[in-house]
Amino acid sequence: MTGFPGGRLFPMISWQTVCGDLSQWVKEALSDQPVRVAHLEGVVRRLKDVPESLLIRHGFAGVECAAAAWCHDIGYAAAAHWTGWHPVDGHRWLDSMGAPAVVLDAVLYHGGAFSQAKLRPDAGRLVPYFEAHPCRFPAMVELITACDVTTRHDGGPCTLAERLEGLVVRYGADDLRVRHFCLERPFYQEAVGRFLGAVAC
Ligand SMILES: [Fe+2]
C-alpha cells in the first residue's frame, strides 16, 4: 500500500507485549480522548449481552472477542495516524505488532468500513488497502459491529435508532457518516439481531 505518503515507521511493539494488559494499553494510547475510551468500555460491556453459546458456535474465544472490542477504534490514537481514517490506521498499527487476523479484521471492517471507504473523498487510496487485506472473519466483524452500533459514542447502551440520532446531532444530517449509517442499516440490523437478539433493535 503506497497511496499515502509518509508512512509511519512504528516503534517496535509486539502484540504479545500489549496483550499483557490490553485494556490498559488502549487507555494509554487514547488517554487524550476520554470519551472514546468510555465508548470502548461500553462496547466491551455490550459483549456480555451476547450469549456465550453463540460465541462458541462461531469458534470465538472470549479473550479474542474482548481484544477486538477494545481495539476496534484504536486507529483514533495519535500514534496510529497515517491516512486520518481510523479503520485503516488502526489496522495498520496493529498489523505492525503482529496482532491476530481475527482482531485485524474487526478493526478494518467493523461498521461496514469497506463500503464507507468507497464513499470517502480519498476512496482511490483507501479502497486498495481493503483489497490488499481481504476479510477472513466476517462473523467477528458482525459481532463487533453489533456491539458498536448499540453503544453510544460516550459508552452508554442504545438502540440502532438512538445511535443514528447521536450521529445526526454530532455531525449533521448530510454528513457522510450519517448517510453511510443509513445505507448500512440493514447490515447493522442483521448483525444486532444475530448476536444481541431483541436486546437492542
Ligand atoms: Fe466504535
_Among the residues listed as GLY20, GLY42, the single one being more than 14 Å from MET140 (Cα to Cα) and either touching a residue at least 60 places away in the same chain (Cβ under 8 Å) or under 15 Å from the mean Cα position of the chain (by Cα) (or both)_ = GLY42
*Among the residues of the stretch 156-174, count how many are within 16 Å of the ligand (Cβ to nearest atom) and part of a loop (DSSP other than H, G, I, E, B).*
3
_Name the residue that is farthest from PHE130 (Cα to Cα), counting only residues in the stretch 61-113 that are among the β-branched types (Val, Ile, Thr) and touching a Phe, Trp or Tyr at 6+ places or on another chain (Cβ under 8 Å)._
ILE74
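Rundown of residues vs (1) surrounded by fewer than 17 Cβ atoms within 10 Å (Cβ to Cβ); (2) closer than 19 Å to VAL18 by Cα, yes/no style:
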position: GLY59; (1), (2): yes, no
position: TRP70; (1), (2): no, yes
position: ILE74; (1), (2): no, yes
position: ALA79; (1), (2): yes, yes
position: TRP82; (1), (2): no, no
position: TRP93; (1), (2): no, yes
position: ALA106; (1), (2): no, yes
_Among the numbered criteria (1) at pLDDT below 95; (2) crowded, with 16+ Cβ neighbours inside 10 Å, which one does PHE130 miss?_
(1)
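Can you tell me which residue within the stretch 8-53, out of those that are among the β-branched types (Val, Ile, Thr) and outside any helix (DSSP H, G or I), is farthest from the ligand (Cβ to nearest atom)? Full working, then the answer.
Initially, the stretch 8-53 is screened for residues among the β-branched types (Val, Ile, Thr), giving 13, 17-18, 26, 35, 37, 43-44, 50.
With the extra rule that they be outside any helix (DSSP H, G or I), the set shrinks to 13, 50.
Working: ILE13: 22, VAL50: 16 Å.
Per the criteria, the residue is ILE13.
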*Within the stretch 117-155, can you find the residues that are more than 13 Å from the ligand (Cβ to nearest atom), over 14 Å from ALA101 (Cβ atoms) and outside any helix (DSSP H, G or I)?*
ARG120, PRO121, ASP122
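Taking only the stretch 54-75 into account, find how many residues are away from the ligand (no atom under 16 Å from the Cβ), in a helix (DSSP H, G or I) and of a type in the set (A, V, I, L, M, F, W, C).
Pass one, the stretch 54-75, residues away from the ligand (no atom under 16 Å from the Cβ): 54-64.
Still in the list and also in a helix (DSSP H, G or I): 54-57, 62-64.
Within this subset, residues satisfying the condition of being of a type in the set (A, V, I, L, M, F, W, C) are 54-56, 63.
Of the residues in that region, 4 qualify.
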*Pairs, first closer than 24 Å to ARG120 by Cα and touching a residue at least 40 places away in the same chain (Cβ under 8 Å) in the stretch 153-174, second outside any loop (DSSP other than H, G, I, E, B) and hydroxyl-bearing (Ser, Thr, Tyr), C-beta under 6 Å, six or more apart*: LEU160/TYR188
*asked:* Every residue in the stretch 114-127 that is free of Cβ contacts under 8 Å to residues at least 40 places away in the same chain and surrounded by 22 or more Cβ atoms within 10 Å (Cβ to Cβ), please.
replied: ALA117
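The values are calculated or read from the model by the stated rules, or taken from the named source; none is laboratory data. From a predicted model like this one, the values you see are computed outputs, not experimental measurements. Reconstructed Cβ throughout: ideal geometry from the backbone, glycine too, with neighbour counts over all protein chains shown.
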